[in-house]
Amino acid sequence: MNKKIITFTMSLRQSQFEVDRLETEAKKLGVEVNRSLYKDLSFKVENGVAKALVRGEEINSENTLGMWFRVAGTRSGKYTEARNLLLRIVGKDILAINREGYLGWNRMGKIAQHGVFLENDIPVIPTRIFYTKNQVMESKFWREFGWPIIAKHERGYQGKSVRKFDDFKELRRFVRKINEKNLGMFLWQKCLPTKWDIRVIVLGGKVLGSMKRSAAGDEFRSNFSLGGSVEPWNLSENDRVLAEKVAKVCGLDYCGVDIMKDLPTGRQATEGKSFILEVNRQCQFKGFEQSTGINVAKAVVELILERSGK
């Protein structure tokens, strides 16, 4: 029986580029990829024996080479629980990319990430977190940060939840609209003068490559999904060590680490202090492959084959 790699997504459209690329590169290496949805999973627990099934077929070391998970988020969290139950049932008999990270982090929110970064001496941008509207107004943190101020939701993705306030009037208007019970889900941060950041992909504990993402026009967010331009980046040794450290302390085999530089006007792009914005354990790589020429999908398949002893 030929063993296969199983990919899990919420829908056939989610991460379509990444899964298509994985299928293409795996086929070249003689490996089948079984594209599955989280809703295809079911579990059987009986007489002390637990089995995980996908479309009625048991997932075991006889038929499965490895597993690769994409975003499993739902409001109820049912699929993150399904993913983690699957990981516990199959144990380490089947290689699962980011197994340690998933079991350690049910949801990898930005606030929890900051806690781990600070615990491990990883530099982060000056940040405030508040739980009441009075705290926001009374702290007057903008006097320390200066304008503009950045606010981001701790579960935001692809830059969609990031907002910039140029003055107190804009900030106050936003705070008044927020339901106070949700206020503690926001991080308030100093706005660095750069309009670009660095995306580093770490695979198997080592930096695979890096790219520079630059915001387009009046847009301040540099995300590729928001129209940001991308180009290859020559990562410094210090930033390489920093990115690999982030992946290690978060227990991630595969991730995208986002680094931003604090650069006063006129400084060279390679200079400045580095801050970790966040780590994404299911990062997309379309822009990365296009800009760097690095074959991420092939590298992921090769890692699975190597660690599975194939």
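The values are calculated or read from the model by the stated rules, or taken from the named source; none is laboratory data. Predicted model only: the values in this text are computed from it and were never measured. Cβ: placed from backbone, ideal geometry, glycine included. Neighbour counts: every protein chain shown.
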Any residue at all in the range 53-66 that's touching a helix residue (DSSP H, G or I) at 6+ places or on another chain (Cβ under 9 Å), outside any strand (DSSP E or B), in contact (Cβ under 8 Å) with a residue 24 or more places away in the chain and within 23 Å of residue 284 (Cβ to Cβ)?
no
Quick one: would you say residue 131 is out of contact with any His (no Cβ under 6 Å at 6 or more places or on another chain), within 22 Å of residue 101 (Cα to Cα), part of a loop (DSSP other than H, G, I, E, B) and not β-branched (Val, Ile, Thr)?
no
Taking into account only those residues within the range 15-27 that are within 14 Å of residue 301 (Cα to Cα) and either within 21 Å of the chain's Cα centre (by Cα) or not assigned by TED's automatic domain parsing to the domain that holds residue 55 (or both), which is surrounded by the fewest Cβ atoms within 10 Å (Cβ to Cβ)?
20
If you check residue 30 against the conditions, is it under 20 Å from residue 300 (Cα atoms) and assigned to a strand (DSSP E or B)?
no
Let me confirm something: among 136, 116, which residue is under 19 Å from residue 202 (Cα atoms), among the β-branched types (Val, Ile, Thr) and either in a loop (DSSP other than H, G, I, E, B) or not assigned by TED's automatic domain parsing to the domain that holds residue 81 (or both)?
116
Which one of 217, 228 is surrounded by 15 or more Cβ atoms within 10 Å (Cβ to Cβ), over 21 Å from residue 112 (Cβ atoms) and modelled with pLDDT under 90?
228
Can you pull out every residue in the range 48-72 that is closer than 21 Å to residue 305 by Cβ and among the basic types (Lys, Arg)?
70
Tell me, yes or no, whether the range 122-130 has at least one residue that is farther than 24 Å from residue 251 by Cα, in contact with a Gly (Cβ under 8 Å, 6 or more places away or on another chain) and not polar (S, T, N, Q).
yes
Only one residue in 66, 77, 104, 73 is out of contact with any strand residue (DSSP E or B) (no Cβ under 9 Å at 6 or more places or on another chain), of a type outside the set (S, T, N, Q) and under 21 Å from residue 17 (Cβ atoms). Which one?
73
Can you report the number of residues in the range 127-141 which are surrounded by 13 or more Cβ atoms within 10 Å (Cβ to Cβ) and over 26 Å from residue 74 (Cα atoms)?
8
Could we say that residue 251 is under 23 Å from residue 194 (Cα atoms) and either modelled with pLDDT under 95 or surrounded by fewer than 20 Cβ atoms within 10 Å (Cβ to Cβ) (or both) here?
no
Checking 65, 86 in turn, the sole residue that is under 28 Å from residue 31 (Cβ atoms), modelled with pLDDT of 95 or more and in contact with a Ser or Thr (Cβ under 9 Å, 6 or more places away or on another chain) turns out to be 65
Looking at the range 188-212 only, could you name the residues that are more than 17 Å from residue 259 (Cβ to Cβ) and either in contact (Cβ under 8 Å) with a residue 60 or more places away in the chain or in a strand (DSSP E or B) (or both)?
188, 204
Over the range 74-101, the set of residues under 20 Å from residue 14 (Cα atoms), touching a residue at least 60 places away in the same chain (Cβ under 8 Å) and surrounded by 15 or more Cβ atoms within 10 Å (Cβ to Cβ) is 79, 83, 97, 98
Assuming residue 151 fulfils every condition listed in (1) over 30 Å from residue 5 (Cα atoms); (2) loosely packed, with under 14 Cβ neighbours inside 10 Å; (3) outside the structural domain of residue 202 (by TED's automatic domain parsing) apart from one, which condition is it?
(2)
